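Take a look at the structure below.
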Protein chains: 2
Amino acid sequence: VTSSSPTKPLRADARRNIDAILEAATSCLARDPDASVNEIAKAAGVGRVTLYGHFENRAALVAAVVDRAVAESDAAMSDLDLAGDPVAALGRLVETSWTLTYRFGALVVAAEQAMPDAALMEAHAPLSKRVELLLERGRSEGRFRTDVPTSWLVTMAHAVVHTAANAVHAGELAADEAPHLIATTMLGIVTPPDDAVSAP
Amino acid sequence: VTSSSPTKPLRADARRNIDAILEAATSCLARDPDASVNEIAKAAGVGRVTLYGHFENRAALVAAVVDRAVAESDAAMSDLDLAGDPVAALGRLVETSWTLTYRFGALVVAAEQAMPDAALMEAHAPLSKRVELLLERGRSEGRFRTDVPTSWLVTMAHAVVHTAANAVHAGELAADEAPHLIATTMLGIVTPPDDAVSAP
């Protein structure tokens, strides 16, 4: 925004390279969580030196890919209707989270191997905010348990979706079973003590 | 067991080195999940060459430390009474899992960074078997939900304990809150649809 004219062409060029690298990295990591920087550079049609000029190392590249995936998911989620019964809304929210996560394939596996857990949670902040707001509403309406911190329930929402994604990639779970499992599990987690668990 | 006498002294020496390395690695990784192979070799009082003679790389060493931690935990769990009400028994089992996991400190963080999720689950097989048997009993007695696979509930038991351990190491959760959160969360997950969630 504050760039002076002489540097603009270079910046546009750099921006195109960065976009191509992130696009290629997203595709490569979706197929193979162990995709190397060399493979990604090749798929992006740039040299290794160019790639390392923009991303210090593989971990920094994976982190940037995750940020981009989260931003895309957040944009897709903005269309989601989270009004009405909090239980039904939570079902919709976690099923959509699953669909968006699954779209990025093995990137989840790559991210969990390249990034510390805390950094991964931090990258998910925009999505976590949506979950948090719905959980707070459900708590204030007496539908979700209030004897555990909201932050724990948000952490568990993330853990349930990512555990399912990992199980699918490990071949332990069929992808089409995941949405139901995620929704039932999350509803069990949020149900207040002595209340009946909702059948989804 | 099939070794011939001439190699025995060397083998005893190697065994002592391996034990010292695993002991040092367990302590180092409990404090710092990013502890290097050099630090671990130094703490074990062996040279780098000796360490690499026994463990091909850092990931192989972390995997061996995890196997050892799981074996120790499994031995400790053999004393646990899992008879009687399955709900109460599950509470005892997950609280003990937490205590054992927490004893190994930041090793959980190191393991999740160095090992793929599937390999980590595989390493936990002896502990998972105990959880599985109790879940199966609770299902046959109508206390735990049967509309999701037992394998998913086992995976979630592992995920809940490890999510709590990561949250404690990230400073997001107080260690003394973890046992209660883990037990309440797991009881919510296993409650059959339309049944009331047990207050722990």
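The values are calculated or read from the model by the stated rules, or taken from the named source; none is laboratory data. Please read these numbers as outputs of a predicted model, since none were measured by experiment. Don't worry about glycine lacking a Cβ; one is built from the backbone with ideal geometry, like all the others, and counts go over all protein chains shown. Note: accessible area is taken over every heavy atom of the protein model, side chains too, but ligands, DNA and RNA are not part of it. Shrake-Rupley method; radii C 1.70, N 1.55, O 1.52, S 1.80 Å.
Annotations for the structure displayed:
- Residue satisfying all of: in the range A:128-171; within 19 Å of A:Ala196 (Cα to Cα) and among the aliphatic types (A, V, I, L, M); nearest to the other protein chains (Cβ to nearest Cβ) among these: A:Val148
- Of all the numbered requirements in (1) farther than 26 Å from A:Thr191 by Cα; (2) open to solvent by 10 Å² or more (accessible area, probe 1.4 Å); (3) at pLDDT 90 or above; (4) within 12 Å of another protein chain (Cβ to nearest Cβ), B:Gln113 misses one, and that requirement is (3).
The rows are residues; the columns are (1) crowded, with 16+ Cβ neighbours inside 10 Å; (2) in a helix (DSSP H, G or I); (3) in contact with a Lys or Arg (Cβ under 6 Å, 6 or more places away or on another chain).
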| site | (1), (2), (3) |
| --- | --- |
| A:Met156 | yes, yes, no |
| A:Ala164 | yes, yes, no |
| A:Glu172 | yes, no, no |
| A:Ala183 | yes, yes, no |
| A:Ala199 | no, no, no |
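- Residue in the range B:74-84 that is part of a helix (DSSP H, G or I) and either touching a His at 6+ places or on another chain (Cβ under 8 Å) or buried (at least 21 other Cβ atoms within 10 Å of the Cβ) (or both) present: no
One line per residue, one yes/no per condition, for (1) at pLDDT below 90; (2) out of contact with any Ser or Thr (no Cβ under 8 Å at 6 or more places or on another chain):
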| position | (1), (2) |
| --- | --- |
| A:Ala30 | no, yes |
| A:Ala59 | no, yes |
| A:Ala63 | no, yes |
| A:Ala89 | no, yes |
| A:Thr96 | no, yes |
| A:Leu107 | no, no |
| A:Ala119 | yes, yes |
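- Candidate set from the range A:116-132 (those that are without any contact (Cβ under 8 Å) to a residue 12 or more places away in the chain and more than 12 Å from the chain's Cα centre (by Cα)); member that is most open to solvent (accessible area, probe 1.4 Å): A:Lys129
- Tallying residues that are among the aliphatic types (A, V, I, L, M), without any contact (Cβ under 8 Å) to a residue 60 or more places away in the chain and surrounded by fewer than 21 Cβ atoms within 10 Å (Cβ to Cβ) within the range B:23-61 yields 6.
- Close pairs from the range A:162-178: first touching a residue at least 40 places away in the same chain (Cβ under 8 Å), partner among the polar types (S, T, N, Q), Cβ under 6 Å, at least 6 apart: A:Ala165/A:Thr101
- Residue list for the range A:177-197, restricted to those being at the interface with chain B (Cβ under 9 Å from one of its Cβ atoms) and touching an Asp or Glu at 6+ places or on another chain (Cβ under 8 Å): A:Thr184, A:Pro192, A:Pro193, A:Ala196, A:Val197
- A count restricted to the range A:85-97 and to residues that are open to solvent by less than 10 Å² (accessible area, probe 1.4 Å) and within 10 Å of the chain's Cα centre (by Cα) stands at 0.
- Unique residue being in contact with a Pro (Cβ under 7 Å, 6 or more places away or on another chain) and open to solvent by less than 50 Å² (accessible area, probe 1.4 Å) when the list is A:Gly188, A:Gly138: A:Gly138
- Conditions (1) under 12 Å from the mean Cα position of the chain (by Cα); (2) farther than 23 Å from A:Asn166 by Cα: number failed by A:Ser78: (1)
- Filter pass, B:Ala174 being within 21 Å of the chain's Cα centre (by Cα) and within 12 Å of chain A (Cβ to nearest Cβ): yes
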